[in-house]
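The values are calculated or read from the model by the stated rules, or taken from the named source; none is laboratory data. Note that this is a predicted model, so its numbers are computed, not measured. Cβ sites come from the backbone with ideal geometry, for glycine too, and all protein chains shown count toward neighbours.
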Amino acid sequence: METPDQEKLLFSSKDFFNHLIHCIEQAKSTIDIETYIFVQDPKGVLILNHLRKASKRGVKIRLLIDGVGSSDWTLNTIKTWEDKNFRIRIFNPLFWQKREFDIKPLKWLIALHKANRRNHRKTCLFDESSALIGSFNICEHSSHPWRDSAVYLSNIDITELKNAFQEAWGNTEKGLRKFFALTPIESSIQKKSPVFLLNNSFNKRKKLFNELIYRIFQANEIIWITNAYFIPDHYLLKALKFATWRDVDVRIILSKDSDLFFMKWASSVFYENLANLGVKIYQYQESILHAKTLIIDQWAIVGSRNLNHRSLIHDLEVDVKLQTAEGLLSLKNQFDIDISKSEIYNTSKKSPLKTLKHTLGRLFLLLKHWL
C-alpha cells in the first residue's frame with residue numbers, strides 16, 4: 001500500500017485556505033481544482049487572484065465549478081478571469097450558463113433530467129503528486145466559519161484523481177448515468193485497498209456502498225461518524241443497529257443547524273429510534289457542521305461524501321482513506337473536540353415544536369431520492 005510523504009489533516013477554514021494558497025504558490029506545472037461551491041466573495045476572489053498569479057508564471061490551471069453549487073457564475077464572469085494558462089469550466093451548467101439556449105420542450109425535459117447530476121467533489125491537485133481533498137467549498141462564511149475537514153497528501157500517485165478530473169472536465173455527461181438503489185452484497189474490499197475512493201461509475205458506487213456496509217457489520221470497537229446530511233437508507237440503518245447489538249461504540253455527530261433548513265428535520269426522524277438502540281447522537285452547537293468523516297476501528301476516511309441519497313445515487317464524490325497512524329489519531333482527537341462542542345440528543349425531551357419538526361421531516365423524506 002502506498003504511503004504518502006505527508007498526510008496532514010485540516011479542520012479549520014483558516015488552516016485550509018492558508019494551505020491551499022501555499023500549494024498554489026509552490027505549484028510548478030499544473031493545478032486542477034474542482035469544487036461544488038465557488039463564491040466570488042472576498043475569499044473566492046483571493047483564491048482567484050493567487051491562481052492568476054500562478055498562471056502568469058507559467059502554471060497551467062483548470063478550475064471546474066458546479067452549475068448548481070456555483071450558479072452565479074456565467075460565461076461573462078469566466079472571461080474576466082481566464083487567460084492563456086487559466087481555464088474555467090462549469091460542470092453540467094444551468095441554462096443561463098450555456099453558450100446556446102434551446103427553447104425546444106424536449107431539450108428542456110432532457111436538461112431537467114440531467115440537472116440532478118452534480119459534481120460535489122472538492123479536489124485540488126498540484127503538479128503530479130499532491131492532493132488536497134475534503135469538504136471545504138471555496139467561499140467565506142464570515143460570521144461563523146463552518147466546521148469542515150480536509151486532508152493533504154504529498155508525493156503520492158494521483159493518476160486516478162487526474163483521470164476523474166479529466167473525465168468531468170472533458171465531457172460533463174460522458175460516463176454519467178442515473179444510479180438506482182443498490183443492494184448490498186458480500187464484501188468487495190480489495191486486498192490492496194485504494195487510497196482515493198471515487199464514485200464516478202456505477203460499479204464504483206456499488207463497491208463503495210457495499211464496503212461501507214460490510215465494514216460496519218464487521219466493526220469490533222468503534223464507529224464514529226461526523227456528517228452534514230444524514231439521510232440513511234434501510235441497509236445503513238440495519239448495519240448501525242446490528243453494531244449496537246454487538247456493543248460497538250456507535251457515535252454520530254450531526255449539525256444542530258444546517259444550511260439546508262429541511263435537512264435537520266429529515267435527519268431528526270431517525271434520531272429517536274437510533275438513540276433508543278444505543279447509538280449516541282450529538283448535535284454540534286458552535287456553527288454549521290459540514291465535515292464528512294468516518295472512523296471504523298482502525299479504518300478512516302475524510303472527504304465529500306454525505307450519508308444521504310444524493311451522495312449514494314446522484315453526485316460525484318471523493319473520499320480519502322487515511323494511510324498513517326498519525327492521521328488516524330488526529331481525526332480521533334478532532335472527533336473528541338467536536339463532541340465537547342456538541343449536545344447529546346435527549347430522547348426524553350418532548351415538546352410540540354419537536355413533534356412538528358418530526359412530522360415535517362417525515363414529509364421531506366418522501367423526497368429522499370433527491371435529498
Next item on the list: With respect to Thr293, determine if the residue is closer than 24 Å to Arg118 by Cβ and not hydrophobic (A, V, I, L, M, F, W, C).
Entry: yes
Note to self: Of everything in segment 256-274, what is among the small types (Gly, Ala, Ser) and either without any contact (Cβ under 8 Å) to a residue 40 or more places away in the chain or over 28 Å from His141 (Cα atoms) (or both)? Give them in sequence order.
What the structure shows: Ser258
Checklist line | Subset of segment 239-292 that is touching a Gly at 6+ places or on another chain (Cβ under 8 Å) and among the β-branched types (Val, Ile, Thr) - its residue that is modelled with the lowest pLDDT | finding: Val269
Notebook entry, point to check: What about Gly303, is it small (Gly, Ala, Ser) and modelled with pLDDT of 95 or more?
Noted result: yes
Notebook entry, point to check: So, of the residues in segment 316-371 that are polar (S, T, N, Q) and closer than 23 Å to Asn273 by Cα, which turns out to be modelled with the highest pLDDT?
Noted result: Ser342
Notebook entry, point to check: Among the residues of segment 208-228, is there at least one that is among the small types (Gly, Ala, Ser) and either under 22 Å from Asp66 (Cβ atoms) or modelled with pLDDT under 85 (or both)?
Noted result: yes
